[in-house]
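Beneath this line is the structure, given in structure tokens, with notes to follow.
The values are calculated or read from the model by the stated rules, or taken from the named source; none is laboratory data. Note that this is a predicted model, so its numbers are computed, not measured. With ideal geometry, Cβ positions are generated from the backbone for all residues, glycine too; neighbour counts draw on all protein chains shown. The area values use the complete protein model at the heavy-atom level, side chains included, leaving out ligands, DNA and RNA. Shrake-Rupley method; radii C 1.70, N 1.55, O 1.52, S 1.80 Å.
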Amino acid sequence: MNIKSLIDLNQLSQEDMKEIIELAGKIMKNPHNYTDYCHGKIMATLFYEPSTRTQMSFQTAMLRLGGKIIGFDNPQNSSVSKGENLKDTIRVISGYSDIIVMRNSFEGSAYAASLYSRCPVINAGDGGHLHPTQTLTDLVTLSFEKGRLSSLTVGLCGDIKNGRTVHSLIKYLSQFKDNKFVLISTPELQAPQYIKDILNASGCEYKLVDTLDEAIGELDVLYMTRIQRERFANAEDYEKQKGIYVLDREKLRKAKADMKILHPLPRVDEITIDVDDDSRAKYFEQAEYGMYARMALIIKMLESPDRSVPSKVESTHKAHCNNPKCITSTEKYLPDLFKESGDMLVCKYCDDRLLV
Amino acid sequence: MNIKSLIDLNQLSQEDMKEIIELAGKIMKNPHNYTDYCHGKIMATLFYEPSTRTQMSFQTAMLRLGGKIIGFDNPQNSSVSKGENLKDTIRVISGYSDIIVMRNSFEGSAYAASLYSRCPVINAGDGGHLHPTQTLTDLVTLSFEKGRLSSLTVGLCGDIKNGRTVHSLIKYLSQFKDNKFVLISTPELQAPQYIKDILNASGCEYKLVDTLDEAIGELDVLYMTRIQRERFANAEDYEKQKGIYVLDREKLRKAKADMKILHPLPRVDEITIDVDDDSRAKYFEQAEYGMYARMALIIKMLESPDRSVPSKVESTHKAHCNNPKCITSTEKYLPDLFKESGDMLVCKYCDDRLLV
Amino acid sequence: MNIKSLIDLNQLSQEDMKEIIELAGKIMKNPHNYTDYCHGKIMATLFYEPSTRTQMSFQTAMLRLGGKIIGFDNPQNSSVSKGENLKDTIRVISGYSDIIVMRNSFEGSAYAASLYSRCPVINAGDGGHLHPTQTLTDLVTLSFEKGRLSSLTVGLCGDIKNGRTVHSLIKYLSQFKDNKFVLISTPELQAPQYIKDILNASGCEYKLVDTLDEAIGELDVLYMTRIQRERFANAEDYEKQKGIYVLDREKLRKAKADMKILHPLPRVDEITIDVDDDSRAKYFEQAEYGMYARMALIIKMLESPDRSVPSKVESTHKAHCNNPKCITSTEKYLPDLFKESGDMLVCKYCDDRLLV
């Protein structure tokens, strides 16, 4: 593995992924061998929007490696609120720390940070855009719970349209052999075109399904997510449909004995609590796999030979990204960076597309 | 000592208490021997309501043992506010950590947490119900400052009716030989019946007294607490009476030369500041004893052979606790658990009683 | 170096400063030699007002020395908000920790804390009064970037009237040989009389200048600070003048090739972002030097032979300080302490003067 910062899971080759999964397995087996691995190293967790779960997972991972933590989770309390720009914060903090973990509500913010950081940056969520370590967690969980990342029939249930987590998992798993996808949602919240394009391009079988009940019997994996109340057309639709996407003991009866239930957590009520005692429920274990996945990732990143110091970055095009959620809309000094894709420009920060 | 979680001080036998006190003494004498005792271990401090003092005392204790800390003190910033239930939080965090310290405003919350936790839980205050490590701190302080936990005349001054700390201390000390209690308060804020029942059952001498002045001369220990302004019938009563329960140099003149003054802190104005320079004032030392007491407790708990993994818990009765402050009133999935006591049911979470 | 607490940079002799700078240099060269220097030691960072930058710099310094951190940065969440006085907090926390770093908006608060603390106290900013480690950072930066603290022509640009940082730097540098000062500001925001008095007394050359443009050519060092919008007489003046005190590439053309640009950060817009790529820009390095400076300071303070335990402090005079921002105005139990200076009394907390 030779990457400096991890912004997008697509940076990791299947070989990289295999290495991380193997290392996570070694750590699980002999955690004591890694107790002082990061002795003397510092991780900065910069959470511009609070996310206790993700932050604690990273912090625990670093602490279990013998490292130390600085950071903030309450930007109202920080210099940030005094108007400091992202670049300055990153320049200073990357002088203090050996690795930065950042969450920020603007899309592309982690990529922007990586342009100025002296040390590796891990994207812990940049708005609705990317959250690579959640998907890494899911893959490590599947790998240990199912023994493989291929030849799986994977059901994804909930808000398929807006779910960042779901999109990312589909994208990564579609690269492996013989995976099938069953996308379970209301017609309004089904997969967006670009996800269908990816699935079609990869040659993976997939189908769109209306109810959990009709799909559950054939699944090797059921990945549950929440449908937010406000995504439904109206309160009436919500009341009528919500039960259809709630996993309970009743629906579980039809599932295979070795199906595994995953959920990124926190759950609200999309899985009833009595399901927790079913041996197929793996969402709490998933959180623990996430810790080991992050430990392995931290080790791999600190070992990565890429130690380049960032130099001045120049704009690649004269265009400017139109996405109001893109980090370039708020941090005005950022260079305009695009990849060309046919007659479109793709923003390097937020992946939004612009007609030339 | 063989307990997995510490919810209620009554779980500790006198033998357990003796062990903890001895260990605290050893740590005080040779703190450097314990600098790496918890190397590689993680404590999670989950403070659903803020309490800087208690949280810092636990954190310091763990850090002085070479352990590490994760946690939160600002639940508005955490997933909790996104509606995650206690069980899920505990299931995940107990996969990250080796010991959990929890404060929560609902009664019985620490017990509820212990039902689902993979690691030991220490109750750092569950509403007005229990706060065992405060009483542990008081007992360790008495033990080192007076050399004994028996044959003491203990004055308790302030709000005897509502003071969780005061009740717990009386309960524990009443088990030892020849202790006498002098309860100093207004008639409205005197000891509740259940405390008198405990004292009567234990055979301890006790008396109720109206003024600090008339009681102070005979005391070996004076435990001061605050009377909150709002506990008085009206502003006039407050103004008239407040001075009677304030310890100052004048009142201290009548006290024995070896009386010890304790206070759980923070104080407001129930002890005047010039008393701090009196050699009998031990409330700041008490805070330091509290750190050593917690260090000893953490060691004992991590050494405890009880490493059982929680299994499914079933309701013991069909009844449901009526106490609106009980954790079962807000976390609906919790099983209904009661002990029978004559024709009453006693809630296992909050100790509230229910007629069958 | 033999001081217990660092409240004011003037406590440090030139010899002390030399020692700190040398030690900072050694740490920079071989950080790994210091990784466990503070093993088993605890720093408490008590931030009564938030300052993420300063707090992280101290925390990083302590962590890089192998120490541990307790503290708060959110006094709304702490016992403080329940009305605990500073003395009690300090008495308790200094029983938990080996060194205290404190920021508080009242002037003289760090000095007040040092009267009651069992362990060393470092002033991390007491209102608009003192912030010694910022100036220490500036001096360490100059020392490494210019190779000397004397024979420098130092430009200071921005709000010279109110800038705590600027005053402190002038005071300290004026003690060294052959330094010249160029004070660049609007007439309204120029140096106060007491700064001119210090410069005159020291025999240093200095001049007051209206524009950055006319001064920049002769400078060895340019220390930029922000002029707050609200300091200008009116919005019109602000709009007219603000550009005059903004450093940009255009103005930089006239500067010497080896001039160094410093800024205490966070910047707002007083230095344009394209200046960051100029090799003379040293403000990000300055933040890193600040970390090393604090590491050296912590070591020196923990090695200091002064380990005195505070005893009762009595008022020196019957007068009382009139400064409403002085810590004595809010913590009423503090003794009245003054130095005599002619027919004036100088408050030992806040340095305010009182006619006898």
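Here are some notes:
- Separation between Cα centres of the range C:119-141 and the range B:1-57, rounded to whole Å: 36
- Highest-fluctuation residue, C:Gly83, C:Gly155, C:Gly125 considered, GNM on chain C with Cα pairs under 10 Å: C:Gly83
- Take the Cβ atoms of B:Ser304 and C:Asp306, set R0 to 45 Å, and the FRET efficiency comes out at 0.55.
- Remark: the range A:142-155, residue by residue, has Karplus-estimated 3J(HN,Hα) of 4, 4, 7, 7, 10, x, 6, 10, 10, 6, 10, 9, 10, x Hz, where x stands for each Gly or Pro and the curve is 6.51 cos²θ - 1.76 cosθ + 1.60 at θ = phi - 60°.
- Area of B:His317 that stays accessible when all protein chains are in place (1.4 Å probe, Å², to 10): 50
- Built amide H within the under 5 Å cut-off of B:Ile69, gap 5+: B:Met43
- As a calculated quantity, the FRET efficiency between A:Glu239 and A:Thr211 at R0 = 22 Å, using C-beta atoms, amounts to about 0.85.
- Amide H to amide H, with H built 1.01 Å from N, A:Phe106 comes under 5 Å of A:Gly127, counting only residues 5 or more places away or on other chains.
- Calculated FRET efficiency for the pair C:Val356/A:Gln14, C-beta based, R₀ 60 Å, to 0.05: 0.15
- Residues whose placed amide H lies under 5 Å from that of B:Tyr223, excluding near-sequence neighbours: B:Gly155, B:Leu156, B:Cys157, B:Leu262
- Each part reduced to its alpha carbon centroid, the range B:181-219 and the range C:218-248 end up 69 Å apart.
- Low-density loop positions, trypsin sites (Lys or Arg not before Pro), the range C:313-356 - DSSP coil, at most 11 other Cβ in 10 Å: C:Lys318, C:Lys332
- Ordered from largest to smallest accessible area (heavy atoms of protein chains, 1.4 Å probe), the residues B:Ser117, B:Ser143 come out as B:Ser143, B:Ser117.
- Charge dipole of the range C:56-148 about the Cα centre (unit charges at C-beta), most positive-ward option of C:Leu65, C:Ser109, C:His129: C:Leu65
- Derived scalar couplings ³J(HN,Hα) [the range A:247-262; Karplus, 6.51 cos²θ - 1.76 cosθ + 1.60; whole Hz; x for Gly, Pro]: 8, 10, 4, 4, 5, 5, 4, 7, 7, 4, 5, 10, 5, 10, 9, 10
- Low-density loop cleavage sites - trypsin sites (Lys or Arg not before Pro) in the range C:143-231, where at most 14 other Cβ are within 10 Å (DSSP): C:Arg148, C:Lys177
- For the pair B:Gln193 and B:Ser279, label points projected 7 Å from Cα toward Cβ lie 4.7 nm apart.
- Rounded to the nearest 20, the size of the Cβ-charge dipole of the range B:136-184 about its Cα centre is 120 debye, with Lys and Arg at +1 and Asp and Glu at -1.
- Chain A: antiparallel DSSP beta bridges as a percent of all, rounded to 5: 15
- Spacing of the two label points (7 Å from each Cα toward its C-beta) at B:Thr330 and A:Gln228, in nm: 2.4
- Once the Cα atoms are used to define both axes, helix A:193-202 deviates from the longest principal axis of chain A by about 80 degrees.
- Modelled this way, with points 7 Å down the Cα-to-C-beta line, the labels at A:Tyr37 and B:Asp269 are 5.8 nm from one another.
- Its Cα centre serving as origin, the range C:133-282 has a Cβ charge dipole (Lys and Arg +1, Asp and Glu -1) of approximately 480 debye.
- Label point 7 Å beyond Cα along the C-beta direction, distances from B:Ser341 to other copies (nm, shortest first): 6.7, 6.7
- Here the Karplus relation 6.51 cos²θ - 1.76 cosθ + 1.60, evaluated at θ = phi - 60°, turns the backbone of the range C:341-355 into coupling constants of 9, x, 9, 10, 10, 9, 5, 6, 7, 10, 6, 6, 9, 9, 6 Hz, with x for every Gly and Pro.
- Evaluated with a Cβ-only charge set (Lys, Arg +1; Asp, Glu -1), the protein assembly as shown carries a dipole of roughly 1560 debye about its Cα centre, given to the nearest 20.
- Label point 7 Å beyond Cα along the C-beta direction, distances from A:Gly203 to other copies (nm, shortest first): 8.8, 8.8
- Exposure of B:Ser279 as accessible area (Å², to 10), given a probe of 1.4 Å and all protein chains: 90
- Those Cys residues of the protein assembly as shown for which no other cysteine Cβ falls under 4.7 Å: A:Cys38, A:Cys119, A:Cys157, A:Cys204, B:Cys38, B:Cys119, B:Cys157, B:Cys204, C:Cys38, C:Cys119, C:Cys157, C:Cys204
- Exposure of C:Phe176 as accessible area (Å², to 10), given a probe of 1.4 Å and all protein chains: 40
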